[in-house]
Amino acid sequence: MATGPDPVWALGEIPTPPRAAEGWTGLVEMFTQLSRRETAWPIELGYARLWYEPLMEAIFEDAIIRQADILQLEQIAAGYQSREKFLTELTLDPPDATSDQSGVPLLDEDYLILSTIHSAKGQEWKSVHVLNVVDGCIPSDLGTGSTHELEEERRLLYVAMTRAKDELNVIVPQRFFVTQQHKHGDRHLYAQRTRFIPRSIVPLFEDILWPPVTPAYIDGLSPAPVRMDIGAQMRGMWSK
């Protein structure tokens, strides 16, 4: 079976591009070293950083911040056994952005992070709000087919609730409005608290209602028990 030339060898045979200048030789040497797979992961990523750092300093004004990002990437890569597993995970769930150096606080820097429970794994925040903690959402309708699926849904709720450092708010809506309203008025469904928070542990939570609800109370008046004469009602039905 015929095979093509080694990609790294072919890269070294290409004439130096005019705009590559001195960086081209270092690029070829880096790829040659990585292709030999003589260095254990994640040290391979360190070789790429060493080649890239001088270029960042020459091209970008925020080179220090970019270098810190790559160092952070190296630390994350240390948690993976191979280059392939690291790149696969990074491709499936890439970060949207990286942080910057702290500066003078601004009013518009008070922001809210929206995240799925799966993406929140390994993260922590001072305050966490878990939405729709009701049956049908947690657990999902699609996650109640077996005991194993239910336990996985329970673990997801545990992950969500343990992301909070200081304050945890578990949101239980009273009702959901359906998307296709009835012609005579809005249709809605009443929600039921998730089965993963049974009545026995509800007293451990602090109830906060919105809008606030004040129970009606009239001084000196207490509700009297309702009395019904079933016999009289039955006789009335037959006497008509």
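Values quoted throughout were computed directly from the atomic coordinates according to the rules given, and no laboratory measurement underlies them. These numbers were taken from a predicted model, which means no experiment stands behind them.
Some points to look at:
- The range 113-212: projected area of the alpha-carbon convex hull, averaged over directions, in nm²: 8.5
- Restricting the calculation to Cα atoms, every distinct pair contributes to the Kirkwood radius of the range 7-92, found to be 14.3 Å.
- Mean separation of Cα contacts under 8 Å, 6 or more apart, over the residue count of the range 7-92: relative contact order %: 26
- Applied to the range 114-129, the Karplus parametrisation 6.51 cos²θ - 1.76 cosθ + 1.60 on θ = phi - 60° returns per-residue 3J(HN,Hα) values of 9, 8, 6, 5, 4, 6, 7, 4, x, 9, 9, 9, 5, 10, 10, 10 Hz, with x for Gly and Pro.
- Theoretical gain in end-to-end length, MET161 to TRP41 [0.36 nm per residue, Cα-Cα removed]: 39.8 nm
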